[in-house]
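Working notes, beginning with the structure itself.
The values are calculated or read from the model by the stated rules, or taken from the named source; none is laboratory data. Note that the structure is predicted; figures quoted are calculated from it, not measured. Note that each Cβ is placed from the backbone with ideal geometry, even for glycine, and that neighbours are counted across all protein chains shown.
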Amino acid sequence: MFQRLSKTIRRLRRANPLLTLLIVHAAIGFVLSAAFVATIVVLDTGRLAHLFATNLGWPFALVLWFFIGLTFASVLMGSAIMSLNGDDRTRGRRSLRRPSAGEMIESRVTVRK
């Protein structure tokens, strides 16, 4: 089973490295979310541990984990995308070049009176 998963990951990595980057950061976000929810339950913040201990408490824990994971994954994916250097990932495609900090750009402005 792990060999099959390993082959799938390698194939995905070759196919689209940006997609792999997003999936990995989303997975990290959900793992961090699980640790965060576990910390909330252990510390009994807002008496959530008491709520989760009831018979119908597990859907609340699942919803809390999912939405916090969605938030953490979005933050991690956004920061990963913003930290990319566009030059090495274009592979021959045309990319927009952004000026670096302090670089002067010539632009013409017409003024009407």
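Assorted remarks:
- Count of residues meeting criterion [of a type in the set (Gly, Ala, Ser) and in contact (Cβ under 8 Å) with a residue 24 or more places away in the chain] in the range 28-55: 3
- Filtered residues of the range 25-56 (kept if surrounded by fewer than 15 Cβ atoms within 10 Å (Cβ to Cβ) and of a type in the set (Gly, Ala, Ser)): Ala27, Ala34, Ala35, Ala38, Gly46, Ala53
- Each residue in the range 1-26 was checked for being in contact (Cβ under 8 Å) with a residue 24 or more places away in the chain and either under 17 Å from Val75 (Cβ atoms) or among the aromatic types (Phe, Trp, Tyr) (or both), and 4 of them qualify.
- Which listed residue is in a helix (DSSP H, G or I), at pLDDT 95 or above and more than 11 Å from the chain's Cα centre (by Cα), from Phe72, Phe30, Phe36, Phe60: Phe36
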